[in-house]
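The numbers here are math on the coordinates, done by the rules we state, and not lab data. Remember, predicted model here, so these are calculated numbers, not experimental data. Every residue, glycine among them, receives a Cβ derived from its backbone with ideal geometry; neighbour counts consider all protein chains shown.
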Amino acid sequence: MDSFTAIDFETAQVYRWSICQVGLVRVENGIIKDEINILVQPPNNYYWNRFTDIHGITSNMTRNALTFEKVWHQLEPFIKGQNVVAHNSFSFDFPVLKTTLEYYGMQTPEYEKHCTYRIFRQNLASLCELYKITLNHHDALSDAKACGELFLKYLKNEKL
């Protein structure tokens, strides 16, 4: 497998359907070919302060952003029928995508799921420090890029 999509979501609240940022990186033949970084207006543009403290995204930043169902067409080709990887994906990112699509009455596409947390058994920040990967943690695009780099290392069987 030399082509995959790395993805990360940030949410505005504890509710899985409250996506406020999507970061996506498309890797083809081991090279990043495309990046998507989208601020998304969560339902009612409502944030819990605790979540803003984590990722720094506020309702003012997403006031004029599109809601998820209006940006899904940009993301779906990178997910549907693809190998998709995220960090801690089975506990967070994949349920967030599924729940958000359900919230908006949309079908969840079929795709192959991979998780760098399950592969490496460490948190993203520690792995990035270990492998000297640049990370602006809890920025969705930075997290997706880091996850993509880790998955590439795994695919190439690189060891330190």
Restricting to Cα pairs below 8 Å that are 6+ residues apart, what does the relative contact order work out to for region 32-103? Please round to a whole percent. 29 percent
Compute the angle between helix 93-103 and the longest alpha-carbon principal axis of the chain, please, reported from 0 to 90 degrees and rounded to the nearest 10. 30 degrees
Go ahead and estimate [θ] at 222 nm for the chain from helices alone: -39,500 (n - 2.57) per DSSP H run with n ≥ 4, summed, over the residue count, rounded to 500. -11000 deg cm²/dmol
All other residues with a Cβ under 12 Å from the Cβ of S89 taken together, and with Lys, Arg as +1 and Asp, Glu as -1, what is their net charge? -1
Evaluate the charge dipole of region 4-154 about its Cα centre and quote only its size in Debye, nearest 20, assuming +1 on the Cβ of each Lys and Arg and -1 on the Cβ of each Asp and Glu. 160 debye
When N is the residue count of the chain, what does its C-alpha Rg come to as a fraction of 2.2 N^0.38 Å? 0.99
The answer for GluC sites (Glu not before Pro) in region 88-130 that fall in a DSSP coil and have at most 13 neighbouring Cβ atoms within 10 Å is E110
Plugging the Cβ-Cβ distance of R63 and Y103 into 1/(1 + (r/R0)^6) at R0 = 35 Å yields, to the nearest 0.05, a FRET efficiency of 0.95
Dimensions (Å) - region 42-104, Cα atoms, principal axes, largest first: 35, 25, 18
Note down the net charge around I36, summing +1 for each Lys or Arg and -1 for each Asp or Glu among other residues with Cβ under 12 Å from its Cβ. -1
With axes computed from alpha carbons, what is the tilt in degrees of helix 68-79 against the longest principal axis of the chain, rounded to the nearest 10 within 0 to 90? 20 degrees
